[in-house]
Amino acid sequence: MQPGDPICNTCGEQVGFNANGEPFVACHECNFPVCKACFDEEIKEDRKICMRCGVPYEENLLDDVEAKANRLTMASHLNESQDVGLHARHISSVSTVDSELNDESGNPIWKNRVESWKDKKNKKKKTAAAKAEKEAQIPPEQQMEEKQQSLDAAEPLSILIPLSKSKLAPYRTVIIMRLIILGLFFHYRVTHPVDSAFGLWLTSVICEIWFAFSWVLDQFPKWSPVDRETFIDRLSARFEREGEPSELAAVDFFVSTVDPLKEPPLITANTVLSILALDYPVDKVSCYVSDDGAAMLSFESLVETADFARKWVPFCKKFSIEPRAPEFYFSQKIDYLKDKVQPSFVKERRAMKRDYEEYKVRINALVAKAQKTPEEGWSMQDGTPWPGNNSRDHPGMIQVFLGHSGACDIEGNELPRLVYVSREKRPGYQHHKKAGAENALVRVSAVLTNAPYILNLDCDHYVNNSKAVREAMCFLMDPQVGRDVCYVQFPQRFDGIDKSDRYANRNTVFFDVNMKGLDGIQGPVYVGTGCVFNRQALYGYGPPTMPNLRKNNSSSSCSWCGCCSCCCPGKKAIKDPSEVYRDAKREELDAAIFNLKEIDNYDEYERSMLISQMSFENTFGLSSVFIESTLLENGGVPESVNSSTLIKEAIHVISCGYEEKTEWGKEIGWIYGSVTEDILTGFKMHCRGWRSLYCMPLRPCFKGSAPINLSDRLHQVLRWALGSVEIFLSRHCPLWYGCGAGRLKWLQRMAYINTIVYPFTSLPLIAYCSLPAICLLTGKFIIPTLSNLASILFLGLFMSIIATSVLELRWSGVSIEDIWRNEQFWVIGGVSAHLFAVFQGFLKMLAGVDTNFTVTSKAAEDADFGELYMIKWTTLLIPPTSLIIINIVGVVAGFSDALNKGYEAWGPLFGKVFFAFWVILHLYPFLKGLMGRQNRTPTIVVLWSVLLASVFSLVWVKINPFVGPVDNNAVTQSCISIDC
């Protein structure tokens, strides 16, 4: 068998080919893999609809089967007794283990497979007979009702809603017009230099060209924005039939935390409680909490949380509470009696709120106790030392609090599984921060529960919509949509932000405009939280419908990019040898996995031998239990595994040396190499041919906390920008990575390029923001005297910018204020955090110098949005403050100069002042945040900024490059000619 060929879902054989030499397809709606032999059996048993989607088979296929049945001869009946069945084919052995198991009596594996197929066939016949007998006893009215329900269940679970032409056509037209106007504008700018200020003119033109390039990278990925709508009722009708066990897919939740003193345990606990109280079958939900700091405070708070969940979960499900995070539910300023009709609700709500307040007191007491660590370290209740007293050197720890065999709620019902995980840490090992912790959770969850889907959340992002998982399953469990989907991304929404959103903390433009545009191409980028993954995609496999890549080992690749013909004219596009090797290893692994799936009758020792011989450990690590779990596409713990040894195996897979000499962090799981591991992980999946989807229900599914003060916001943006610079300087740079594969769409690649080059815009941006002040101080200008044509071009460019924003408002639904705040913070972050990220990234990647710009904390004194007015000292505040001071000084100097020269100087002054006010207006939120509520700006920030502005002005006056050298002879002649 060739790896990658379609495999029959019924018998495990190759699907085969039809008369035209193409792979046989029974159902053209969902492409459910069924071979010709199994298809014939289905038709013979009078089942003429697809077993997956319920759509009737095409008439021409049914006619072929009936014609073939009529042509059966007596010889075929005689041969049938000697044949092992319709599936009698030769299977080639792929390992020495196969040959060792074959004896003189034949291949026992093949015989077992035939017997299992016969059992399946007999079972199907019995099921069909029982179903027919049952249907005969059901009244016709009830049969009609059930038939209608089955038809409803066969409908799609989600629909794609493209933008109407009335909105999309004008939007695209304006984009093209703006591109044309930009071309004409640059033609004018280049052909009309300003000789009296050539340096300023050249600087401005270079900056404007970069801004135009940046605009193209940001604009064109929004070429085809789309919306999506889900149908949760159809999902329930299809997978949750009355009287039958739920067939919904299981989901493993990942919650990550590091330092409980910086990430309050109460916030993490609310996230966990909102997960445990989901509107989803309890046996399908498992919550894994990763404590990467090995803090006893996190462990003890989780003990209290598990106990409180026994009361909170039944309360939420009984009264359909939203949201199901108690802190945010009880803090809502709404009339909670409005839609509640149960008489007992008020009484139970008051009792629950009292219980929650007591629970908060216990958690806060633990936090207060943890403020001062004992000299001998923390001890557990039995007196033994806490294993995580040294957060950098401790063993792996796992504790299962709730679950199938754990405590039930107060009503005796089962609760979802809750697992505490702290991976092993030892000196000398690279642990890769959050990405390493997430990969450890992938392995632990695969050993203990192995749900086919994974949903990861930050510790401060709680579930705001109890049906969030059902929303994602409408995509992932839809056979027509979910086959090639690697993840479903939800937008981030935030609590506790001021109404004006001074520092664009909500990122509304990104989540409501850019992400919708990407959803129309190959899918949104992964943003680190609120994302439901297909576990198989995290394991490094390609999508099932993507054809294998052709390998060409004889070709030599380009020495610079190693992948495409863009830099090698005259040569064909060729693949990077390392990429060819990775694809070859992946195909080899796919083949090994397929053959391992075929063998269901090995005992544990034989299976471990086969796994070792297949070299699975070189990819996944030395755990046969984990490797076997990767073979189960629909999840679940392997039947051959001894449940009593699962915890021991789970401890093994989170050991600090488990990832050594494996593909973890390179091709599998969260990808290492950047502090923004989320962008890198999603990019690798898209390069393999997967696509992602964007889900935006009316009620936000997840909400979190955002840093709302200026210093913390800049520090957050610095981290994101630094990660982008690291990706730009790595082998995963989207400019060239994966070009030879052809699986990443060019607009999607353009979007990823934009995510890594945007920090470099800080260099032209800080130069452009300095130009107005320089022009005002020197009396020069970057634009010559405008002609009529130039005036039309400037006016056209200005109007096209406004028209683009207005049309984006029209189809996205964001407000003008959101776009304006986004524009302001683009300038604020660009001249501060992005600038520092560029220098820090180059120092880190090229010189190996790791520079950190830390922010110190202070307690907020104000009750409402107290954090908004806090000022924390950080180096990031200096460049924007300097720009503000320089531009204010320039405006004052410009007006003073105009007053001295008379009315003729006022005309040129307005153009210069307009640009200076443009800079000041964009930096106004920064200035307002810098002053705080009571003018509490750190003195050191003002001193540094004034000092830099003064030095810059003095140096500029001393070495003004726009004043030509003085001709002494000309001065002398002019003095002689003066008539005294």
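Quick notes on this structure:
- Were the residues from E376 through A351 laid out at 0.36 nm apart, the gain over their Cα-Cα distance would be 5.0 nm.
- Peptide packing for 216-227, 451-462, 343-354, 818-829 was compared via the average number of neighbouring C-beta atoms within 10 Å per residue; ordered from the highest value, the list is 451-462, 818-829, 216-227, 343-354.
- Heavy-atom accessible surface of region 276-343: percent carbon and sulfur, 1.4 Å: 50 percent
- The residues neighbouring I654, those whose beta-carbon lies less than 9 Å from its own, together hold a net charge of +1 under the Lys/Arg +1, Asp/Glu -1 convention.
- Share of carbon and sulfur in the accessible heavy-atom surface of region 455-495 [1.4 Å probe, %]: 40 percent
- Solvent exposure ordering (accessible area, 1.4 Å, most first) of E438, E263: E263, E438
- For region 166-270, accessible area per residue (1.4 Å probe, heavy atoms of protein chains only), Å²: 46 Å²
- Taking packing as the residue-averaged number of other Cβ atoms within 10 angstrom, the listed peptides 479-488, 875-884, 242-251 run from highest to lowest as 875-884, 479-488, 242-251.
- In this structure region 694-758 gives 34 Å² per residue of accessible area when probed at 1.4 Å with all protein chains present.
- Highest mean packing first, where packing is the average number of other Cβ atoms within 10 Å per residue, the peptides 387-393, 256-262 line up as 256-262, 387-393.
- Other residues with beta-carbon under 13 Å from the beta-carbon of I782 carry, at +1 per Lys or Arg and -1 per Asp or Glu, a net charge of +1.
- Three-way shape call for region 159-276 based on the alpha-carbon gyration tensor, with the a/c threshold at 1.5: oblate
- For region 256-368, diffusion coefficient by Stokes-Einstein and Kirkwood Rh (Cα), 10 °C, 1.306 mPa s, µm²/s: 107 µm²/s
The values are calculated or read from the model by the stated rules, or taken from the named source; none is laboratory data. This is a predicted model, so every value here is computed, not measured. We place every Cβ from the backbone using ideal geometry, glycine too, and count neighbours over all the protein chains shown. Each accessible area value is taken on the protein alone, full model and side chains, heavy atoms only, with ligands, DNA and RNA left out. Shrake-Rupley method; radii C 1.70, N 1.55, O 1.52, S 1.80 Å.
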